[in-house]
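Following: one structure in structure tokens, then a few remarks.
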Amino acid sequence: KNLVLENLNFVGGRHFLLPESAPILEELLKALQTNPGLKIEIQGYVCCTYGNEDGFDFDAGTYDLSVQRARAIHNYLVEKGIDSSRLRYQGFGGSRKIYPEEQNEFERSRNRRVEIKIISK
């Protein structure tokens, strides 16, 4: 089962984290530092799309916002000293929505998420 990183939020339409996301990112970093054998996949998801479409990334000018967001987490961890061989990332766009028919901001925020899949311990 995947671990959902609660309160890990990005600027809308962009792959930059909001400042309040720093503590969650630090927890992930500490978990990787404490468990040197841990290998993970960072999985990005977006809301507000139809079907399996990905979101538009205003900074990159591409329709791969979920990938760019997962990559941003990956790059942060590598910059903090985590070996990139322990990490991989993937974007899933609007597929695998928790709420397929988003009705309100709560449902959109739950679909707009990053999950961590443990590959090996």
| note | Within the under-11-Å Cβ sphere about ASN35, not counting ASN35, Lys/Arg +1 and Asp/Glu -1 give a net charge of +4
| query | In whole percent, how big is the carbon plus sulfur part of the accessible area of the chain, probe 1.4 Å, protein atoms only? | reply | 51
| request: Please figure out what share of the DSSP beta bridges in the chain is antiparallel and state it in percent, rounded to the nearest 5. | output: 65
| field | Rounded to 10°, Cα long-axis angle of helix 22-34 versus longest principal axis of the chain | value | 40
| field | Residues listed by number, segment 56-71, amide nitrogen under 13 Å from GLU79 label point at 7 Å toward C-beta | value | 71
| With the calculation restricted to Cα positions, what are the radius of gyration and Dmax of the chain in angstrom? | 13.9, 41
| task | Could you check which residue among GLY61, GLY13, GLY93 shows the biggest mean-square fluctuation in a GNM of the chain with a 10 Å Cα cutoff? | result | GLY61
| task | Measure nothing but the geometry: give the 0 to 90° angle between the long axis through the Cα atoms of 65-79 and the longest principal axis through the Cα atoms of the chain, rounded to 10°. | result | 20
| query | Taking a probe of 1.4 Å, how large is the accessible area per residue of the chain, in Å²? | reply | 57
| request: Report the relative contact order of the chain, percent, no decimals, based on alpha-carbon pairs under 8 angstrom and at least 6 residues apart. | output: 37
| Given a cut-off of 13 Å, what percent of all Cα-Cα pairs of segment 47-115 lie beyond it? | 65
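The values are calculated or read from the model by the stated rules, or taken from the named source; none is laboratory data. These figures come from a predicted structure and were not determined experimentally. Every residue, glycine as well, gets a Cβ built from its backbone with ideal geometry; the counts of neighbours run over all protein chains shown. The area values use the complete protein model at the heavy-atom level, side chains included, leaving out ligands, DNA and RNA. Shrake-Rupley method; radii C 1.70, N 1.55, O 1.52, S 1.80 Å.
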